[in-house]
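Please treat every number below as a calculation from the coordinates, not as lab data. Since this is a predicted model, take the numbers as computed values, not measurements. Virtual Cβ from ideal backbone geometry, glycine too; neighbours counted across all protein chains shown.
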Amino acid sequence: MTSPLPSFSPASVLDLAPVVPVVVVEDVADAVPLARALVAGGLPAIEVTLRTPAALPAIRAIAAEVPDAVVGAGTVLSPAHVADSVAAGARFLVSPGWTDALLAAMATSGVPFLPGVSTTSEVVALLERGVREMKFFPAQAAGGTAYLKSLAGPLPQARFCPTGGIGPDSAPQYLALPNVGCVGGSWMLPADAVAARDWGRVERLAREAAGLRP
């Protein structure tokens with residue numbers, strides 16, 4: 001049997017709000033006002049994905065200038081991503097999937113982490129390693145709420161943040177499940193609002209998202 005990894009529970013991240021905004025930052029100048037709008041709307045946990053050159057500077061700026069935000073790094077794909085994200089100030093890590101090397105790096109990073117899964121075998125493998133909190137991705141494409149309901153019976157100790165294809169209409173169905181702590185999504189950050197720097201609209205949408213838990 002695989003030895004359990006040293007783990008840091010991300011339960012506090014899962015419980016901060018019903019929705020974790022998944023943010024792609026193109027312009028680092030947008031990072032701080034965007035984060036302030038999300039926090040003001042009741043969504044303090046913010047996942048900045050490592051998909052753009054602005055991502056790490058954005059994490060650094062939010063960590064330094066938005067004290068009420070709990071900023072994390074998403075799309076973490078390598079041990080180097082782990083090290084760079086933590087150095088920038090990320091307070092949690094999220095990956096779309098995992099390998100042993102990536103999992104070991106996240107488990108020894110000193111911050112909470114959510115490794116991505118989409119199959120029962122991946123969930124069992126993580127439980128075997130002592131990891132109980134996970135990202136379920138891509139949620140809708142991988143089976144959605146029906147799949148998560150099926151996992152709750154044999155694997156009740158696993159807890160998830162489903163992400164991928166979830167919007168304001170489907171989020172409450174996920175949040176009603178006993179094995180779902182929160183969901184990830186980006187619908188409160190419509191491209192036209194971000195482009196126009198309409199942070200008031202972002203705050204309103206964030207506030208609606210924060211009220212979605214049944």
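Helix 55-65 against the longest principal axis of the chain: what's the angle in degrees, Cα atoms only, rounded to the nearest 10? So the helix axis and the longest Cα principal axis differ by about 70 degrees. For the stretch 70-87, the residues whose amide N sits under 17 Å from a probe point set 7 Å from the Cα of A104 along the beta carbon direction are 77-83. Does anyone have the angle between helix 199-210 and the longest principal axis of the chain? Alpha-carbon axes, 0 to 90°, nearest 10? The angle comes out at about 30 degrees.
Less than 5 angstrom separates the built amide H of G185 from those of V20, V22, all sequence-distant by 5 or more or on a different chain. Classify the stretch 11-210 from the C-alpha gyration tensor, please: rounded if a/c falls under 1.5, else prolate or oblate depending on whether a/b exceeds b/c. Oblate shape, in that a/c is at least 1.5 and b/c is the bigger or equal ratio.
If you bin all the Cα-Cα distances of the stretch 133-214 at 5 Å, starting from zero, the percentages per bin are 3, 15, 25, 21, 15, 10, 7, 3, 1, 0. Residues whose amide H falls under 5 Å from that of V48, counting only those 5 or more places apart or on a different chain, are V23, G72, A73, G74, with hydrogens built in the peptide plane.
With coordinates expressed along the principal axes, the C-alpha atoms belonging to the stretch 57-159 extend over 42, 25, 21 Å, beginning with the largest.
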